[in-house]
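K.L.:
Got a structure for you, written out below as structure tokens; questions coming shortly.
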Amino acid sequence: MTCRVGETNNSTAFLGQFAGAAKGNFRTRALIESFWNLTHNETGERLVFPGQTGSHARVNAPEDLIGRGKEMDLMLRAMPALPEWVFQNLRKPLPEFNEAVRAIGEINERMNRRGIMPGTEHMIEGFVEAGLVTTDFDLPGIGLVARADFEERLKGRSEDDQRAILAVCKASARKLSPREVFDSRRGELVPWRREALAQLLYPAHRPEISRVTKNGLVVIEDQDVAPSALRFLAHHFSAGDEFETVINPMVPDLLFIYDARANRKGAWLGTLKLWGSVNRADDAAVQRRIGMAEQVKRELLEPLTKMGGRLAKNRAEDLEHNNAVLGALGSEKKTAVAEARAAMMTMPD
């Protein structure tokens with residue numbers, strides 16, 4: 001694996017050294033100039049994203065965030081008493097967390113697709129040098145058609161038809177959009193193995209000590225990952241067990257747990273699955289949760305079931321042995337044993 005970190009400035013390696021040429025690294029500069037900076041710009045409009053400073057922090061000062069937060073807290077407290085349509089139509093001082101996540105995701109996706117439609121050309125440095133260009137064809141009555149779609153349309157047509165189409169269409173070169181570049185190599189991506197990802201996450205984040213609750217859960221509170229507490233299923237462990245825990249913010253439905261003992265500190269133990277709440281109005285989600293709860297119950301009862309099976313087997317063997325021993329007795333002794341056994345069965349506890 002190769003990890004490339006781009007410089008954010010052109011500082012010298014040591015004091016007194018002559019400065020180098022003022023230029024950017026096209027392999028990494030796009031992440032800074034063409035993503036983070038644009039995201040700040042797009043979310044800096046306070047009418048759309050109230051409470052955001054964007055890239056205009058000197059104008060959109062954050063002093064009013066405390067007041068906005070207090071007003072938003074009052075609105076959230078009143079939400080259970082309001083009809084849903086009323087709360088949804090209120091103008092909120094801050095965007096609700098999930099709404100903000102969806103809105104920023106849509107903005108980022110729109111930025112990633114710039115370059116596909118006319119008027120959305122981008123100036124990301126290095127795309128031409130890297131050969132990240134394509135050709136679109138403007139077909140009369142149809143509009144712009146991507147190169148792959150254009151070639152697909154030509155398949156199966158006669159040479160005369162192809163020449164006629166090429167004569168009336170207009171070809172225009174353009175740089176690929178970031179989304180097209182990513183999707184073109186997406187099939188070559190290999191998912192991280194969990195054990196390798198665990199080794200990467202542990203030194204990159206500050207592990208926290210977490211304990212298993214009496215309900216068989218590990219509860220994590222991290223405002224940088226989720227606005228409310230996250231509960232992870234740990235029913236295979238005992239209440240009070242301690243671990244070092246790390247959450248991957250990109251995959252918050254898994255909790256990586258590590259040994260917290262001094263002699264084994266940092267050893268990866270595995271992952272725990274998220275045990276979140278479900279919407280009771282969603283019948284399918286409720287049924288899936290019931291199935292998961294049944295599976296957990298079966299896993300917890302499995303050791304007892306196996307022990308009960310062994311006890312039943314031993315009891316059957318004991319009865320068979322005793323019957324064989326009693327079978328060797330005479331008729332009178334058999335009758336006496338039977339009477340004694342019957343008397344024991346009728347005795348009060």
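Residues are listed down the side, and each one gets a yes or a no for (1) within 16 Å of Val219 (Cβ to Cβ); (2) among the acidic types (Asp, Glu):
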position: Phe237; (1), (2): yes, no
position: Gly240; (1), (2): yes, no
position: Asn248; (1), (2): no, no
position: Asp253; (1), (2): yes, yes
position: Arg261; (1), (2): no, no
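K.L.:
Scan segment 185-207 and tell me whether some residue there is under 30 Å from Met123 (Cβ atoms) and among the β-branched types (Val, Ile, Thr). Don't jump to the end; show me each part of the working.
P.N.:
First, the residues of segment 185-207 that are under 30 Å from Met123 (Cβ atoms): 185-189.
Next, from what is left, pick out any that are among the β-branched types (Val, Ile, Thr): none.
The answer is no, given that none of the residues of segment 185-207 is under 30 Å from Met123 (Cβ atoms) and among the β-branched types (Val, Ile, Thr).
K.L.:
Identify, by number, the condition in (1) of a type in the set (Ser, Thr, Tyr); (2) out of contact with any Lys or Arg (no Cβ under 7 Å at 6 or more places or on another chain); (3) at pLDDT 85 or above that Ser177 doesn't meet.
P.N.:
(2)
K.L.:
For segment 48-55, does any single residue satisfy the condition of being surrounded by fewer than 12 Cβ atoms within 10 Å (Cβ to Cβ) and modelled with pLDDT under 85? Talk me through it step by step, then tell me what you get.
P.N.:
Residues of segment 48-55 surrounded by fewer than 12 Cβ atoms within 10 Å (Cβ to Cβ): none.
Scanning segment 48-55, I find no residue that is surrounded by fewer than 12 Cβ atoms within 10 Å (Cβ to Cβ) and modelled with pLDDT under 85, so the answer is no.
K.L.:
Determine, yes or no, whether Arg114 is of a type in the set (Lys, Arg), surrounded by 13 or more Cβ atoms within 10 Å (Cβ to Cβ) and at pLDDT 80 or above.
P.N.:
Working: of a type in the set (Lys, Arg): yes; surrounded by 13 or more Cβ atoms within 10 Å (Cβ to Cβ): yes; at pLDDT 80 or above: yes.
It is true that Arg114 is of a type in the set (Lys, Arg), surrounded by 13 or more Cβ atoms within 10 Å (Cβ to Cβ) and at pLDDT 80 or above.
The values are calculated or read from the model by the stated rules, or taken from the named source; none is laboratory data. Nothing here was measured: the structure is a model prediction, and the numbers come from that model. Please note: Cβ atoms are built from the backbone with ideal geometry, for glycine as well, and neighbour counts cover all protein chains shown.
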